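Asks: One structure follows; several queries about it will come next.
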Amino acid sequence: MSDEYAGRPVLVGYDDSPESRHALQWAIEEARLRRLPLLVCHALHWPYAPRPIPQEIVTQIEQVALGVVDEGVRLAAKLAPELDVRPLLSRGTPSAVLLEAARHAAMTVLGSRGQGGFDGLRVGSAAVQVSAHSVTPVVVVRPSLQPPSGQDARIVVGLDGSPSSRAAFDFALDEAALRGGTVRALCCWADPGSSSWQEPLPFVDSHALRAGAEARFREVAALLARRHPEVTVVTEFVTERPQRVLIDATKDATLLVLGNRGNECPPGLLLGQVTQTALLEAWCPVAVTAAAVPNPLLPPG
């Protein structure tokens, strides 16, 4: 991770839901590995239209919210007494509170959903909104997905050449280096000359296009990997749609890392379809990264 994040805390959203307790375990592991403070955050949000509220009710709401964040801090301190654990209680919606706090954090860890929502909801609005808007990495954890053991860590990353996917590759390298694991970099390429393409291009040399794209992918991956030469990086270039390839790759993975918007993402869409699908269906936690400052080692394109 870039030096600009050095000393910043690992931020975790906590509301005492099963999802947030699993997120807390993952955040503790991240803070340990990165030797950073842990910031346990809870949003105090009154979900009804503004209207006069008796002060005694306001006080009760504040006490309940304070109890939630204190419980998160106590749990973290019990699980990792060596960590510097700090509380943060702010007024506002969970998404707004977390996004503001994320600006000053090294990364954010969230459960896939909070206390709200409905039965069967797999990903809540806060997980989607924070992943879409955060300028720092966000890890989304579901309760059925256990935190990594630190043994044989396998990090999967999607790389399509977009700025956010390059940031994803950097984050994947950092995670693998911290955990003593490997990186599996996947590029899913669609043949624009194929009859299965939505609007196939005429007179296209598909073989030459594929060879050029694959060579460029491996070149970019090799250049990016120079930051952590001790990490084993395996590259795979496949002619398949990315959603299914990436989801299948997570079945034995520790973490999937994706950019928030890929090359095919429409301009008005803040979170790409591949990343949205991964948040819903991945078999492991999903990290989402935003575009970073261009890497000076890499030529444009």
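The values are calculated or read from the model by the stated rules, or taken from the named source; none is laboratory data. All values reported here derive from a predicted model rather than from experimental measurement. Reconstructed Cβ throughout: ideal geometry from the backbone, glycine too, with neighbour counts over all protein chains shown.
Asks: If you check Cys284, Cys265, which single one turns out to be modelled with pLDDT under 85 and either surrounded by 14 or more Cβ atoms within 10 Å (Cβ to Cβ) or not in a helix (DSSP H, G or I) (or both)? Steps first, answer last, please.
Replies: On the way: Cys284 fails: modelled with pLDDT under 85.
On inspection, the qualifying residue turns out to be Cys265.
Asks: To continue, here is another question. Of the residues Ala213, Ala249, Ala208, Ala225, only one is at pLDDT 90 or above, more than 17 Å from the chain's Cα centre (by Cα) and hydrophobic (A, V, I, L, M, F, W, C); which?
Replies: Numbers: Ala213 fails: at pLDDT 90 or above; Ala249 fails: more than 17 Å from the chain's Cα centre (by Cα); Ala208 fails: at pLDDT 90 or above.
The match here is Ala225.
Asks: From the list Leu89, Leu121, which residue is at pLDDT below 95 and assigned to a loop (DSSP other than H, G, I, E, B)?
Replies: Values: Leu89 fails: assigned to a loop (DSSP other than H, G, I, E, B).
None of the other options fit; the residue is Leu121.
Asks: May I pose another question? State yes or no: is Val58 crowded, with 17+ Cβ neighbours inside 10 Å and assigned by TED's automatic domain parsing to the domain that holds Ala101?
Replies: no
Asks: Filter region 216-257 for residues that are part of a helix (DSSP H, G or I) and either on the phi > 0 side of the Ramachandran plot or among the basic types (Lys, Arg) (or both) and give the result.
Replies: Filtering region 216-257 for residues part of a helix (DSSP H, G or I) gives 216-227, 242-252.
Result: Arg216, Arg218, Arg226, Arg227, Arg244, Lys251.
Asks: Name the residue, out of Leu178, Leu159, that is at pLDDT below 95, outside the structural domain of Leu110 (by TED's automatic domain parsing) and more than 23 Å from Val245 (Cα to Cα). Step through it out loud before you land on a result.
Replies: Details: Leu159 fails: more than 23 Å from Val245 (Cα to Cα).
Residue meeting the stated conditions: Leu178.
Asks: Further question: Criterion first (touching a helix residue (DSSP H, G or I) at 6+ places or on another chain (Cβ under 8 Å), in a helix (DSSP H, G or I) and closer than 28 Å to Glu175 by Cα) does Leu75 satisfy it? Show your work before the answer.
Replies: Numbers: touching a helix residue (DSSP H, G or I) at 6+ places or on another chain (Cβ under 8 Å): yes; in a helix (DSSP H, G or I): yes; closer than 28 Å to Glu175 by Cα: yes.
In short, yes.
Asks: Among (1) surrounded by 20 or more Cβ atoms within 10 Å (Cβ to Cβ); (2) over 13 Å from Ala185 (Cβ atoms), there is one condition Arg244 misses while meeting the rest; what is its number?
Replies: Every listed condition holds for Arg244 apart from (1).
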